[in-house]
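Bear in mind that the values in this text are calculations on the coordinates, not laboratory data. Here the structure is a predicted model, which is why all the values come from computation and not from measurement. Cβ placement follows ideal geometry from the backbone for every residue including glycine, while neighbour counts extend to all protein chains displayed.
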Amino acid sequence: MKLLILPAFAILLIANAQAQAAVEKEKACTVNDMNGRWVSYQGAVLGNPHTGICKFKVANGLAQGECDFSVGFKGPFTGEIVVNPDCSADFAMDFNPASVVSDFQVQLHKDKKSFVGRWSNNFGVIGVTNAVKR
């Protein structure tokens, strides 16, 4: 009986390790997970309090879109996105020719169709953000 238990236990351990590796591989994110059309909502909590909505498209790590803010500013932006294997991401919104650049640190949800995070801009304004993929 003991001779059957040890091989069976070893097989279970190997199967568990393989299943765990498959789950970890499935969870890993790449820049392609950001590809698509997004709608994000921002709220400034320090500095110039305001809210905003942005609609943008991401393709191969490059974003472009337009934002509309409650303080009267509306304009296009471009930016580059870096996605880490743990599904955290960093990106910038450059509102050139306006002198506003916002930096975002976000975390993608496990379904890779939404994110939450924080942002700050070159004027010292800090806020929160969330988005959904459309």
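Remarks
- Count of region 74-119 residues which are over 18 Å from N35 (Cβ atoms), β-branched (V, I, T) and under 17 Å from the mean Cα position of the chain (by Cα): 1
- Residues in region 35-65 that are within 24 Å of G124 (Cα to Cα) and of a type in the set (S, T, N, Q): S40, Q42, N48, T51, Q64.
- Filtered residue count, region 99-134, keeping only those that are among the aliphatic types (A, V, I, L, M), part of a strand (DSSP E or B) and farther than 17 Å from A59 by Cβ: 6
- Some residue of region 51-60 being surrounded by fewer than 13 Cβ atoms within 10 Å (Cβ to Cβ), more than 18 Å from the chain's Cα centre (by Cα), farther than 15 Å from C29 by Cα and without any contact (Cβ under 8 Å) to a residue 40 or more places away in the chain: no
- Evaluation of N96 against the conditions (1) in contact with a Ser or Thr (Cβ under 8 Å, 6 or more places away or on another chain); (2) within 20 Å of I126 (Cα to Cα); (3) in a strand (DSSP E or B) shows that the sole unmet condition is (3).
- Residue match in region 95-104 (condition: in contact (Cβ under 8 Å) with a residue 60 or more places away in the chain, of a type in the set (A, V, I, L, M) and surrounded by 15 or more Cβ atoms within 10 Å (Cβ to Cβ)): no
- Looking across region 113-134, the residues that are within 16 Å of N84 (Cβ to Cβ) and buried (at least 18 other Cβ atoms within 10 Å of the Cβ) come down to F115, G117.
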